[in-house]
Amino acid sequence: MSKSSNTIAAFAFFLILAILLGLCIKTSIDMKKQTQEPQVSGIYIQFENGTTEPEVNAILDNYNITENYTIDYDSKDMLRRYYITVDQDKKTDIINELKKDENLTFEVEIRKENYNIIILPEEFIADKKFIAMLKKNNLQLKQSILCYIRIGDGSTDWISEGDAIRIKNGLETNEKVLNVFLSHFEY
């Protein structure tokens, strides 16, 4: 064989070796991603009516969010959510009345100290039976403030699910927070 043929063969051999090595490294990285803890890219928080943007900032400052974040205050990207506040002793009666209308279902019931919050979808707003039930029980329908907390500063756009759950659990103890949902990072 000539010297140029040997050079081409050696180059081809090392090129094939480099490609195989690259595929092995990529597979190893992909497997590592699959086994790591889920990542959270954002947090949806439902605040009680009247919670201001400075109050939201102050509440979030109390939790150790390890990454930078931005707040979409009163986010228009989320469905409107309404709620009623019910005394503990009236809770069962109110829930039974809500369940009477088969076309309407409430979404979530959250227990606070001595009262319950019942989260309702927008479809309740125009229902005449529901409005009559509110008047009869002297309840006020309120619209919640919805905020989206976007995690990241460009270099890291997520926090671990463990950190996110710690933050979620802490937020849910705050009186102004009605509900917290995590938004998971998609690979």
Working carefully through the options Ile59, Ile110, Ile95, Ile118, find the one that is in contact (Cβ under 8 Å) with a residue 24 or more places away in the chain, more than 17 Å from Asn169 (Cα to Cα) and among the aliphatic types (A, V, I, L, M). Ile118
Could you check segment 117-142 and list, in sequence order, the residues that are open to solvent by less than 70 Å² (accessible area, probe 1.4 Å) and assigned to a helix (DSSP H, G or I)? Phe124, Phe130, Ile131, Ala132, Met133, Leu134
Give Lys99, Lys142 a once-over and let me know the one that is modelled with pLDDT of 90 or more, more than 23 Å from Gly42 (Cβ to Cβ) and not aromatic (Phe, Trp, Tyr). Lys142
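The values are calculated or read from the model by the stated rules, or taken from the named source; none is laboratory data. Keep in mind the model is a prediction, meaning the values are calculated, not measured. Cβ: placed from backbone, ideal geometry, glycine included. Neighbour counts: every protein chain shown. For accessibility, only protein heavy atoms count, side chains too; no ligands or nucleic acids. Shrake-Rupley method; radii C 1.70, N 1.55, O 1.52, S 1.80 Å.
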